[in-house]
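Novice: Take this structure, written in C-alpha cells, and hold onto it; I'll ask about it next.
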Amino acid sequence: MLIDWFTVGAQGINFLILAWLLRRFLYKPVLAAIDAREKKIAAQIEAAAAREAQAQVESEALRKRNEAFDHEREGLLRTATVEATAERQRLIESARQDSQLLRVKLTQALANERAELGHQLSMQTQAEVFAVARKTLADLSGASLEDRIIEVFIARLRVLPEKQRLALAGAGVNTGVSEEESHAAPRTALVRSAFECPPARRAKVESAIHECLGANVTIRFEISPEFVCGIELTVGGVKLAWSIADYLASLDQEVTALAATAPAVAAGAPPTPVPVQAPAAKETADAH
C-alpha cells in the first residue's frame, strides 16, 4: 500500500487547524467558564464559611445572652420570692396587730358600754328608790308626825351651838356686831315647811325663835312641799334646816358620787372612797 504523504500532510495540517480552532473557540471559553464557575463556587463557599462563622459568633453571643438572661431571671425570681415572703409576713403581722387592736377596742368598748349601762341602771334605780322614799314619806306624814317634827326642831333650836346661834343672830367676830346690837336690830325670819302650821304650832315656833334670836325678829311662814318632812329657818341669808328631804338629797349625792366611781373601777382606776353618813335627820347652818 502506498502512502500519500500529501494527504497525510494535509490531514495533519487540518488536525492542527482543528485543534487550534477548538482551543481558541471551544476550550478557552469552556476553561474560562469552568474557572469562573470554580471561582464563583469558591466565593460562595467562602461566603458560606463567613456566614457560618458569623452565625457561630451570633449563636455564641445569643447563648451567652440567654445564660445571662437565665441568671438574671433566676435572680429576679429569688428577689421577688424573698420580697413576696417578706411582704406576706408584714401583711400577716399587720393584720394580726390590727386584729389585736380591734379586739382590745371591742373589749374596751364592751366594758365601757357595760359600765355605762350599769351606771345608768344604778342611777335610774337610785332615782326610783329616792322617788319612792319621798312619796312614801309624804304619804305617811300626818298631824302627829308634823307635831313631832316641830318639837324636834324647837328642841334643836334651843340647844343650838353658840357659833350657829350667833350666825343666825347676825353677831360675832366676823360681822363686827355685838350680840346686844343684833338682838336690837329688826330682822325677818323665814320659816319654810312641807305642811301648814296651825296657830298653835306657829306660836311654839315663834316663841322658840324669839327666845333664840330676840324679840325684834319678824317671822314669816311659807309652805314648801319639796321638804317632804321637815322645817327650815332662814335669817339674813343664814339657814338652819331639819328635813328628811335634806337627808335624802345628801344620801342621793353620796350614792351618785359612789356610782360615778363605777366607770373608773371598770377602767382600772382606783375608786375614790365616799363617806356615807348614818341614816339620821341632818341639821345644817350655812350662809347663802
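Novice: Given 0.36 nm per residue, what is the gain on full extension from Asp4 to Gln97 after removing their alpha carbon distance, in nm?
Specialist: Working: separation 93, 0.36 × 93 = 33.48 nm, distance 13.07 nm.
Length gained, Asp4 through Gln97: 20.4 nm.
Novice: Based only on other Cβ atoms within 10 Å, what is the fewest-to-most ordering of Ile219, Ile92, Ile209?
Specialist: Numbers: Ile219 17, Ile92 10, Ile209 21.
Ascending Cβ contact count within 10 Å gives the list Ile92, Ile219, Ile209.
Novice: Could I ask something else about it? Just to be sure I understand the model, the point goes 7 Å from the Cα along the line to the Cβ. What's the resulting Gln120 to Ile17 distance in nm?
Specialist: That separation, rounded to one decimal, is 14.4 nm.
Novice: Could you work out how far apart the two model spin labels at Arg156 and Arg88 are, taking each label as a point 7 Å from the Cα in the direction of the beta carbon, and quote it in nm?
Specialist: Between Arg156 and Arg88, the simple spin-label model gives 8.0 nm.
Novice: Say the dipole of the stretch 52-98 comes from +1 at the beta carbon of Lys and Arg and -1 at that of Asp and Glu; which of Ala53, Ala84, Ala68 then lies farthest toward its positive end?
Specialist: Of the options given, the answer is Ala84.
Novice: Calculated FRET efficiency, Arg65 and Arg37, Cβ-Cβ r, R0 35 Å, to nearest 0.05?
Specialist: Details: r = 40 Å, r/R0 = 1.16.
Plugging the Cβ-Cβ distance into 1/(1 + (r/R0)^6) gives 0.30.
Since every read-out is calculated from the coordinates, none of them should be taken as a lab result. All figures in this text were calculated on a predicted structure; none of them were measured in a lab. No Cβ is skipped: glycine too gets one built from the backbone with ideal geometry, and neighbour counts run over all protein chains shown.
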